[in-house]
1. Determine, yes or no, whether A37 is crowded, with 17+ Cβ neighbours inside 10 Å and not in a loop (DSSP other than H, G, I, E, B).
2. Being closer than 19 Å to I121 by Cβ and surrounded by fewer than 17 Cβ atoms within 10 Å (Cβ to Cβ) is the requirement here; does Q15 meet it?
3. Could you pull out the residue among D120, D109, D82 that is in contact with a Pro (Cβ under 7 Å, 6 or more places away or on another chain) and in contact (Cβ under 8 Å) with a residue 12 or more places away in the chain?
4. Go through segment 53-77 and give me each residue that's more than 24 Å from I115 (Cβ to Cβ) and free of Cβ contacts under 8 Å to residues at least 12 places away in the same chain.
5. Determine whether A37 is of a type outside the set (V, I, T), under 23 Å from V134 (Cβ atoms), in contact with a helix residue (DSSP H, G or I) (Cβ under 6 Å, 6 or more places away or on another chain) and free of Cβ contacts under 8 Å to residues at least 60 places away in the same chain.
6. Does I85 satisfy being within 28 Å of I135 (Cα to Cα) and among the β-branched types (V, I, T)?
Amino acid sequence: MSISEITQQLLAAKQSKGLSFADLEQIIHRDEVWIAALFYRQASASEEEAQKLTQALGLGKEIAEKLTEYPVKGNSSIVPTDPLIYRFYEIMQVYGMPIKEVIQEKFGDGIMSAIDFTLDIEKEEDPKGDRVKVIMSGKFLPYKKW
């Protein structure tokens with residue numbers, strides 16, 4: 001996956017300032033996962049959010065302006081090769097249909113919104129090895145009959 005020039009600049013500035021996405025969450029009052037999505041051009045910021053972020057990172061107005069543009073989302077159609085990202089792809093390959101069946105059994109025929117959606121990542125301490133807890137919450141949208 002190639003990383004855009006803007007993403008590279010944002011990540012370099014974040015690293016040089018010694019900030020985490022959780023630190024940026026406290027500054028611009030958006031979830032750390034949303035901020036990471038903004039860095040990777042999968043979300044767009046308001047002018048105020050872009051200004052706060054670029055100010056915290058010591059970046060210029062031209063980056064702030066780019067962050068307010070509407071992005072092209074999900075812009076890769078190839079199977080991911082990064083091991084961590086591939087695991088999510090693999091999870092959907094193995095559990096996608098079972099997840100779909102359980103959701104439809106509980107809610108009916110429809111989908112989970114990726115627009116009215118939140119995603120949180122938590123670390124669970126475990127003596128056998130720490131665990132990654134991914135929490136997705138999306139509004140259920142039933143298919144319309146006409």
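1. Yes, satisfied.
2. Taking the combined requirement at face value, the residue does not satisfy it.
3. D109
4. Within segment 53-77, Q55, G60, K61, E62 meet the criteria.
5. no
6. Details: within 28 Å of I135 (Cα to Cα): yes; among the β-branched types (V, I, T): yes.
Yes, satisfied.
Yes/no matrix, rows are residues, columns are (1) within 20 Å of D120 (Cα to Cα); (2) over 17 Å from the mean Cα position of the chain (by Cα); (3) of a type in the set (A, V, I, L, M):
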position: A22; (1), (2), (3): yes, no, yes
position: H29; (1), (2), (3): yes, no, no
position: L38; (1), (2), (3): yes, no, yes
position: K52; (1), (2), (3): no, yes, no
position: G58; (1), (2), (3): no, yes, no
position: K61; (1), (2), (3): no, yes, no
position: A64; (1), (2), (3): no, yes, yes
position: T68; (1), (2), (3): no, no, no
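No lab work stands behind these numbers, since they all come straight from the coordinates. Just so you know, these numbers come straight off a predicted model, no measurement behind them. When we count neighbours, we look across all protein chains shown, and the Cβ atoms used for this are built from the backbone with ideal geometry, even at glycine.
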